[in-house]
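The values are calculated or read from the model by the stated rules, or taken from the named source; none is laboratory data. Computed from a prediction, not measured in an experiment: that's the story for all the values here. Here Cβ is always computed from backbone atoms with ideal geometry, including for glycine, and neighbour counts include all displayed protein chains.
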Amino acid sequence: MAITINPISPVAFSVFGLDVRWYALAYVAAFIIGYFMFRYLMRRPDAQITLSRRQLDDLLTAVIFGVIIGGRLGYVLLYNLPFFLAHPLEIFAVWHGGMSFHGGLIGVIAAVLLFARHQTRRGDLPGTTYDAGFRILDILAVVTPIGLFFGRIANFINMEVMGRPTDVPWAVVFAGQTNIPRHPSPLYEAATEGILLFIIMYCLYRFTNLRRYPGALGGMLGMLYAVFRILCEQFRAPDIQIGFLTSWGLTMGQLLSALMFIAGAIIFAAAFRKKTK
């Protein structure tokens, strides 16, 4: 028998007539917790790079812009381009939801490498842009699952990216929305891409030597996230505006994750090759 859940308002609270949405709070929580986790890891004796307070604040700004711009453009271009061509102003309405993790990841990589390029050219960071940039990205790879966790919880509250119909005992039905029991797929993703992935990445950072190879942890994140996302997509309904890409059930998320796995494997291999030269 399915679990019936009363829909939760996407608006958490209002201040002076301004609605504050759960989706926005998820991003705020992710950035705040991620910031302090990044700073904690960077200050450990085994950290491979150290940033000043000013550099850390500049990096946070760059990452925020990378996540929002990359994530939104990724969703617009890959998931719903015809709609946004017809309604261009909706591109800026990020509070309505619609962010692509793959696009956000590309945005963050670009933002961090630009940050590293600027800092190394000024002499404020040692080494090359590649070395400094990927050392920063390796620490961010440990922090990233925190954002994924909060994002998927917000998806569940907003009743977004819900699962496929099922008769499992933990299937959910949102009262007044539909009578079809569905997999709570955002919670699956919060557990795997969020909690489990964070535990794995933290252990890899703390208890292995991968942190000594710039890009190795970033490559591992790409591969592990891809595996978890591909598995969870088996329970997640395809985007209604896209549907399945093939007759045998390939989704856009699985296709992008497969490409991400390949990219992560290449970065992981390149990290060891560069270190051993």
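When residues of the stretch 10-31 are filtered for being part of a loop (DSSP other than H, G, I, E, B) and in contact with a Lys or Arg (Cβ under 9 Å, 6 or more places away or on another chain), how many remain?
1
Does any residue of the stretch 127-136 turn out to be assigned to a helix (DSSP H, G or I), among the β-branched types (Val, Ile, Thr) and over 19 Å from Cys232 (Cβ atoms)?
The answer is yes, given that some residue of the stretch 127-136 is assigned to a helix (DSSP H, G or I), among the β-branched types (Val, Ile, Thr) and over 19 Å from Cys232 (Cβ atoms).
Against the condition loosely packed, with under 15 Cβ neighbours inside 10 Å, at pLDDT below 95 and within 23 Å of Thr251 (Cα to Cα), how does Pro82 come out, does it pass?
So Pro82 passes the test.
Name the one entry in Arg117, Arg135 that is surrounded by fewer than 21 Cβ atoms within 10 Å (Cβ to Cβ) and either closer than 30 Å to Leu210 by Cβ or in contact (Cβ under 8 Å) with a residue 12 or more places away in the chain (or both).
Checking each option against the conditions leaves just Arg117.
Would you call Ile64 under 25 Å from Ala216 (Cα atoms), surrounded by 14 or more Cβ atoms within 10 Å (Cβ to Cβ) and either free of Cβ contacts under 8 Å to residues at least 60 places away in the same chain or not β-branched (Val, Ile, Thr) (or both)?
Here the answer is yes, as Ile64 does meet what is asked.
Here are Ala111, Ala141: which of them is crowded, with 23+ Cβ neighbours inside 10 Å and in a helix (DSSP H, G or I)?
Criteria check complete, one pass: Ala141.
Answer yes if at least one residue in the stretch 193-207 is closer than 30 Å to Asp46 by Cα and either among the polar types (S, T, N, Q) or assigned to a loop (DSSP other than H, G, I, E, B) (or both), and no otherwise.
Taking every residue of the stretch 193-207 in turn, none turns out to be closer than 30 Å to Asp46 by Cα and either among the polar types (S, T, N, Q) or assigned to a loop (DSSP other than H, G, I, E, B) (or both).
Which members of the stretch 32-73 meet the condition of being part of a helix (DSSP H, G or I) and of a type in the set (Lys, Arg)?
Result: Arg39, Arg53, Arg54, Arg72.
Which is under 17 Å from Gln55 (Cα atoms) and modelled with pLDDT under 95, of Asp138, Asp124, Asp167?
Residue meeting the stated conditions: Asp124.
Looking only at the stretch 220-277, filter to residues that are within 22 Å of the chain's Cα centre (by Cα) and among the polar types (S, T, N, Q); which one of those is farthest from Glu160 (Cα to Cα)?
The qualifying residue farthest from Glu160 (Cα to Cα) is Ser257.
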